[in-house]
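The values are calculated or read from the model by the stated rules, or taken from the named source; none is laboratory data. The structure presented is a predicted model; accordingly, all values stated were derived computationally and were not measured. All Cβ positions, even for glycine, are placed from backbone atoms using ideal geometry, and neighbour counts span all protein chains on display.
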Amino acid sequence: MKMGRAVEVVILSVFFMVSQISCQEGVLHISNGSTSREYCIVHNHSWTPLSKSLDAATPYPLVNLTSSLLCNGSGVSPDVVKGKALVVMRGECDFSEKALVAQSLGATVLLIASNTSLITPSANDSEYAKVHIPLALMKYRDFLEAQQVFGKEMQVQLYAPPQAKVDPSILVILLISMVTVVLGGYWSGACERDRLNACSPTAAAGGGKGSKEDSGELSLYSPLKVLIFVALMCGMLVLMYFFYNILVYIIIAIFCLASASALYSCFDAVMDKIGCGTLSFSVRNYNFSVRSMLLAAVCITVAVIWGVYRNEDRWIWILQDLLGIAFCLNFMKSISLSNFKICVILLSLLVVYDVFFVFITPLFTKNGVSIMVQVALGPDASGEKTQGNMVEVPVDPQTPSEKLPVVMRVPRFSAWAQNLCGMQFSILGYGDIIVPGLLVAYCSRFDVWINSRRKIYFVSCCIAYFLGMILTFAMMLLSAMGQPALLYLVPFTLITSAVVAGCRGEMKHFWAGAICEVLDSSREPLLPERRTGRSIGEQC
């Protein structure tokens, strides 16, 4: 069980590495008068913006300078490149340096051919105003293919087709997050009700066991435990930053094991709920359940299939989301926060953690990239300073870079027809579900403790989470950039829960927490006995 808890800490520590990433792909149209083809490019809105349609894009003759890195203008005649589009190789110097050199030579467009993943071309804020020509990255193998098709006579046009700001995939993401939070909170409350029933004198006389230790739950009941918990997450994130290429495979293996176990717990709970019986048999004094064996086989198979085909974007996202939902549900059921004080401390620390590793660490890293962004995008993102959103397009679909499996992914429906750059996804990190979900689970358990038939705390916290998600998506659409969801979800859920407790005159009890302490039999009851039908001050 301690091993299982360690696994949960490791997985949670990487949930906050992934942010909403908005795509900045464009289209490179190449023609020779009779034939034309289109290729994927990646650009940055902070540079000169591209036209929105092919008809509005200006055609330019293309000059091949892939033999040069264009870090300086030596050896390049301005008469050769003036008024034309250049294609040079990526490497050695910054994108802004190449752009300034191309601009000084009189070029009108700069294309940078890359043998590695296409990362949104970025620079320091002061460099953007100096560059007045469009700049984009393309795959070097695409340029070689175009040379074979068109020869030396090529004309290029760059444009970026507008995409729908509100994609239906966002609604699917919202539905997944809401269903997971609601079911996780309900499951936590149901387990707490079963535990308290098992703690009753009648159940105790019958040999019932209902302590949290017996049920395998991990309870965070002290600020010190919370601090240690967050410190472990910080340590894991830093290790991922320095040893990404090794630890990413360890995280993938851990995710397969943990998600298979979580999926088994979910299916087993559903079977119990619908009253599905079990058929047992014995072998050498060992009892085996047919239902358990079948469920285990199914869950392990699902996890193995995901592990083998994890880079197959077309359909594997379905299994990743299924495993992710199961993991989040099991996490919310297994990790319990003992009182509202612990909820406030933990959620506030995680917001600070999120903000620090996203916005503060770029001041200390050599390449000016935040630790969280670099870990989320992988080592290929090194050397690029972010401005707005970033997007990454693998240069070779057969050898994609490994990504951390800690997000819900849903393909963007409006982008399916535009497949030059591969499938585009709307994503939401597991942490944006689990962290507020822990508070929702606490509210659900508190409703059980006060015997609330309307589940006022649970329902109000779920509504607050929904409103927080709506605000997150609204800010993302208005700003056209990814948002740290916890900045909205944590205040919404914490403030709403506190207001409900204050209005009901139960803030003291809501702040103090559990109605029975495992380690303290002398503690006074937190709530008057008239609020429940049991001896609520009784030690479990």
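At a glance:
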{"item": "Any hit, the range 46-55, residues being touching a residue at least 60 places away in the same chain (Cβ under 8 Å) and not in a loop (DSSP other than H, G, I, E, B)", "result": "yes"}
{"item": "Residues being under 22 Å from Ser117 (Cβ atoms), modelled with pLDDT under 85 and either aliphatic (A, V, I, L, M) or in contact with a strand residue (DSSP E or B) (Cβ under 8 Å, 6 or more places away or on another chain) (or both) - total across the range 43-67", "result": "3"}
{"item": "Search result, residues across the range 320-379 that are on the phi < 0 side of the Ramachandran plot and not in a helix (DSSP H, G or I)", "result": "Ile335, Ser336, Leu337, Ser338, Asn339, Phe364, Thr365, Lys366, Asn367, Val369, Ser370"}
{"item": "Some residue of the range 242-256 being among the hydroxyl-bearing types (Ser, Thr, Tyr) and modelled with pLDDT under 90", "result": "yes"}
{"item": "Selection within the range 307-350 - in contact with a strand residue (DSSP E or B) (Cβ under 7 Å, 6 or more places away or on another chain) and not aromatic (Phe, Trp, Tyr)", "result": "Gln320, Asp321, Gly324, Ser334, Ile335, Ser336, Leu337, Ser338, Ile342, Cys343, Leu346"}
{"item": "Test for Gly216: is it modelled with pLDDT under 85 and under 23 Å from Cys299 (Cα atoms)", "result": "yes"}
{"item": "Residue in the range 262-276 that is touching a helix residue (DSSP H, G or I) at 6+ places or on another chain (Cβ under 6 Å) and part of a strand (DSSP E or B) present", "result": "no"}
{"item": "Any hit, the range 149-162, residues being free of Cβ contacts under 8 Å to residues at least 60 places away in the same chain and either in the same structural domain as Leu86 (by TED's automatic domain parsing) or within 30 Å of Val435 (Cβ to Cβ) (or both)", "result": "no"}
{"item": "The range 59-98, residues that are more than 43 Å from the chain's Cα centre (by Cα) and not acidic (Asp, Glu)", "result": "Ser74, Gly75, Val76, Ser77, Pro78, Val80, Val81, Lys82, Gly83"}
{"item": "Whichever residue in the range 351-371 is surrounded by 20 or more Cβ atoms within 10 Å (Cβ to Cβ) and touching a Gly at 6+ places or on another chain (Cβ under 9 Å) and, among such residues, is modelled with the lowest pLDDT", "result": "Val369"}
{"item": "Residue that is nearest to Cys191 (Cα to Cα) [pool: residues in the range 268-278 that are at pLDDT below 80 and either of a type in the set (Lys, Arg) or surrounded by 10 or more Cβ atoms within 10 Å (Cβ to Cβ) (or both)]", "result": "Cys276"}
{"item": "Single residue of Ala190, Ala231, Ala205, Ala198 found to be of a type in the set (A, V, I, L, M, F, W, C) and either outside the structural domain of Ser261 (by TED's automatic domain parsing) or modelled with pLDDT under 70 (or both)", "result": "Ala205"}
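Here's the yes/no breakdown for (1) assigned to a helix (DSSP H, G or I); (2) surrounded by fewer than 20 Cβ atoms within 10 Å (Cβ to Cβ):
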residue	(1), (2)
Val101	yes, no
Ala107	no, no
Ile112	no, no
Ser122	no, no
Ile133	no, yes
Arg141	yes, yes
Ala146	yes, no
Glu153	no, yes
Val156	no, no
